[in-house]
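Undergrad: Below is a structure I'd like to ask you about.
The values are calculated or read from the model by the stated rules, or taken from the named source; none is laboratory data. What you see is a predicted model, and the numbers here were worked out from it, not measured in a lab. Here the Cβ positions follow ideal geometry from the backbone for every residue, glycine too, while neighbour counts run over all protein chains shown.
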Amino acid sequence: MQITSRAKRVDKKPFTFLERAYLPAIFGGMVITIKHLFKKKVTIRYPEVQREFSPVYRGVHMLKRDENGAERCTACGLCALSCPAEAITMTADERKPGEENLYREEKYASVYEINMLRCIFCGLCEEACPKEAIFLTDSIPTANFTRDDFTYGKDRLVEPLVRPVKHINAFEEERRTAWNKAR
Amino acid sequence: MSTIFFLGYKTILVTMVWGISLLIAMYATLMERKLAGFLQDRLGPDRAGPFGIFQPLMDGGKLFFKEEIIPNDSNKFLFILGPSLAMFTACMTSAVIPWGPDLNLFGHTIPLQIADINIGVLFVFGVVSLGVYGVMIGGWASNNKYSLLGAVRASSQMISYELAMGLSLIAVLMMSQSLSVKEIVQQQHGINWNVFYQPLGFLIFIICAFAETNRAPFDLPECEAELVGGYHTEYSSMKLGFYLFAEYINMFVSSAFMAAVFFGGYNFPFMDKIANGNLLAILGVAVFFAKIFFFIFVFMWVRWTLPRFRYDQLMKLGWQILIPLSVINILLTGGAIMLKNL
């Protein structure tokens with residue numbers, strides 16, 4: 001029975017004189033290596049040149065603010081529930097009077113932590129979020145010396161009030177169109 | 001006056017040849033790494049200075065600042081003698097190589113060769129044989145079984161291939177009727193190069209040169225898999241650097257020797273058209289160095305193409321193939337010379 005079309009018959013003929021002389025094969029090999037001398041190199045000179053990420057790349061998360069600068073997250077816990085790696089934990093709290101400019105709705109997350117060592121960057125939290133509060137950006141988590149440093153709290157997750165240029169890809173509409181295009 | 005002049009220009013020449021061979025060996029390490037990168041679709045070292053040109057300085061500096069370890073159980077005198085001898089013999093061979101046609105300066109004829117001894121080829125072989133001692137003494141003095149096995153392997157390889165190397169050269173010597181390297185080069189005037197008369201001899205010689213310099217595909221003495229590091233397992237710091245560096249100097253010198261004996265040295269086609277003697281000398285030196293660089297390139301090209309031989313294959317190739325082939329080559333050359341003289 002033939003399983004694959006790529007099967008090759010093994011030929012066990014003794015070597016001819018030319019094959020035993022090695023030299024033609026050696027010169028053939030040298031021609032192959034010299035061709036590689038002129039090929040385009042795959043190396044990227046990293047700090048100066050950075051690899052271009054896919055438009056739908058999933059990197060470090062960001063907790064978004066609304067157009068008034070208030071945090072969108074209402075600590076509903078759907079992201080934590082959807083997370084297959086169980087990387088997200090949060091503590092909900094009630095908004096006090098006078099904090100309307102900080103939190104959009106009456107409930108907010110006083111603690112919101114993602115363990116980047118557990119996270120598999122699947123993006124299910126982004127899909128689960130009913131408030132469009134969490135998004136995955138195109139930046140990668142930095143290296144750290146301790147495990148604790150990989151648990152990102154709100155200080156590192158909440159979107160800064162001044163939007164850095166680097167995270168431009170994270171903005172919702174652009175991302176969605178790019179995602180649709182890639183599909 | 002003429003004695004002082006003689007001593008003066010010989011000193012300058014010796015210093016220049018020594019400095020240039022060290023410089024070339026230094027930059028051969030960079031070239032090797034760059035070429036290895038290019039042949040594997042990488043870039044190679046490019047961080048130290050533009051295109052990584054300071055990389056050899058960095059490597060040398062690093063080796064100098066590494067801790068120098070001399071094992072307690074080693075024979076200290078021989079332990080230090082080993083790398084010194086390797087370096088010494090590597091630097092000495094270049095004395096008989098003619099780097100270019102004679103220069104005419106200040107009414108004197110200045111040959112661009114340190115010593116035109118009438119047994120130049122024998123001198124080269126003698127010094128190259130001494131090179132085995134550097135490896136052997138280093139491996140033995142380390143008092144380490146891996147070093148010793150590596151040294152035994154290296155020296156048996158070098159001794160076996162020296163035979164075929166000498167025999168392949170005998171055919172050339174039969175044609176040139178001289179052992180002086182300068183005379184051999186002068187006989188290859190223009191494009192009358194020995195390689196066209198001795199292609200088989202050249203092939204045997206270049207294979208043996210790979211084996212003599214312990215380079216791939218014959219780099220068995222350094223075998224991480226079964227010998228830890230080979231004969232220099234116990235060496236550190238600049239003593240290790242000397243061993244590694246001697247390999248590159250050997251590569252340069254054997255490239256120069258091959259270019260001189262088989263590829264016409266400083267001779268190039270249409271060299272008679274150039275009337276000015278000094279211009280011819282400068283062009284000759286340039287041509288000679290171009291040939292040397294080509295051979296250094298071939299050394300590296302082969303290293304990054306071929307896998308290494310197994311030890312029994314190495315010995316079989318040396319004793320059962322190369323030596324009989326070079327004997328046949330001698331017989332063929334003898335027959336051709338006899339027919340020509342009939």
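Undergrad: Which residues, counting only those in region B:119-141, are farther than 16 Å from residue B:257 by Cα and in contact with a Phe, Trp or Tyr (Cβ under 7 Å, 6 or more places away or on another chain)?
TA: If the condition is that a residue be farther than 16 Å from residue B:257 by Cα and in contact with a Phe, Trp or Tyr (Cβ under 7 Å, 6 or more places away or on another chain), then B:135, B:138, B:139, B:141 are the ones that fit.
Undergrad: Shifting gears a bit: Is at least one residue of region A:19-32 within 14 Å of another protein chain (Cβ to nearest Cβ), of a type in the set (Ser, Thr, Tyr) and either surrounded by fewer than 11 Cβ atoms within 10 Å (Cβ to Cβ) or in contact with a Cys (Cβ under 7 Å, 6 or more places away or on another chain) (or both)?
TA: No, the conditions are met nowhere in region A:19-32.
Undergrad: Continuing with this model, one more query. What single numbered condition from (1) within 22 Å of residue B:32 (Cα to Cα); (2) surrounded by 20 or more Cβ atoms within 10 Å (Cβ to Cβ); (3) not aliphatic (A, V, I, L, M) fails to hold for residue B:265?
TA: (1)
Undergrad: Moving on. What's the number of the only condition in (1) β-branched (Val, Ile, Thr); (2) more than 21 Å from the chain's Cα centre (by Cα); (3) in a helix (DSSP H, G or I) that residue B:191 fails to meet?
TA: Of the numbered conditions (1) β-branched (Val, Ile, Thr); (2) more than 21 Å from the chain's Cα centre (by Cα); (3) in a helix (DSSP H, G or I), the odd one out for residue B:191 is (3).
Undergrad: Of all residues in region A:33-55, which are at pLDDT below 85 and either surrounded by 14 or more Cβ atoms within 10 Å (Cβ to Cβ) or away from chain B (no Cβ under 14 Å) (or both)?
TA: Residues satisfying the conditions are A:50, A:51, A:52, A:53, A:54, A:55.
Undergrad: Could you tell me which residue of region B:132-151 is farthest from the chain's Cα centre (by Cα), considering only residues that are of a type in the set (Gly, Ala, Ser) and either at pLDDT below 85 or under 14 Å from residue B:227 (Cα atoms) (or both)?
TA: If we filter region B:132-151 for residues that are of a type in the set (Gly, Ala, Ser), which is where we start, we get B:134, B:138-139, B:141-142, B:147, B:150-151.
Now drop any that are not either at pLDDT below 85 or under 14 Å from residue B:227 (Cα atoms) (or both), which leaves B:139, B:142, B:147, B:150-151.
Details: B:139: 21, B:142: 26, B:147: 24, B:150: 21, B:151: 19 Å.
Once the filter is applied, the top-ranked residue is B:142.
So that you can scan it fast, the table gives a plain yes or no per residue for (1) closer than 30 Å to residue B:115 by Cα; (2) buried (at least 19 other Cβ atoms within 10 Å of the Cβ); (3) at pLDDT 90 or above:
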position	(1), (2), (3)
B:8	yes, no, no
B:25	yes, yes, no
B:48	no, no, no
B:52	no, no, no
B:60	no, no, no
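Undergrad: Checking residue B:183 against (1) part of a helix (DSSP H, G or I); (2) acidic (Asp, Glu); (3) within 16 Å of the chain's Cα centre (by Cα), which test does it fail?
TA: So residue B:183 meets the others, but not (3).
Undergrad: Tally up the residues in region B:292-342 that are over 23 Å from the mean Cα position of the chain (by Cα) and loosely packed, with under 15 Cβ neighbours inside 10 Å, please.
TA: Selection size over region B:292-342: 18.
Undergrad: Residue B:289 - would you say it is surrounded by fewer than 21 Cβ atoms within 10 Å (Cβ to Cβ) and part of a loop (DSSP other than H, G, I, E, B)? Talk me through it step by step, then tell me what you get.
TA: Details: surrounded by fewer than 21 Cβ atoms within 10 Å (Cβ to Cβ): yes; part of a loop (DSSP other than H, G, I, E, B): no.
Considered against the rule, which asks whether it is surrounded by fewer than 21 Cβ atoms within 10 Å (Cβ to Cβ) and part of a loop (DSSP other than H, G, I, E, B), residue B:289 comes out as no.
Undergrad: Do you know which residues across region B:301-322 are of a type in the set (A, V, I, L, M, F, W, C) and more than 10 Å from every other protein chain (Cβ to nearest Cβ)?
TA: Hits for region B:301-322 are B:309, B:314, B:315, B:319, B:322.
Undergrad: Related question: Which one of these is outside any loop (DSSP other than H, G, I, E, B) and either under 20 Å from residue B:250 (Cα atoms) or away from chain A (no Cβ under 14 Å) (or both): B:112, B:78?
TA: Sole residue among the options that is outside any loop (DSSP other than H, G, I, E, B) and either under 20 Å from residue B:250 (Cα atoms) or away from chain A (no Cβ under 14 Å) (or both): B:78.
Undergrad: Shifting gears a bit: Taking only pairs six or more apart or across chains, which ones have beta-carbon atoms under 8 Å, a first residue in region A:94-123 that is without any contact (Cβ under 8 Å) to a residue 40 or more places away in the chain and among the small types (Gly, Ala, Ser), and a second residue that is surrounded by 13 or more Cβ atoms within 10 Å (Cβ to Cβ) and in a strand (DSSP E or B)?
TA: Pairs found: A:110/A:92; A:110/A:93.
Undergrad: A follow-up question, please. In region B:7-48, which residues are among the small types (Gly, Ala, Ser) and within 14 Å of chain A (Cβ to nearest Cβ)?
TA: Residues satisfying the conditions are B:36, B:37, B:44, B:48.
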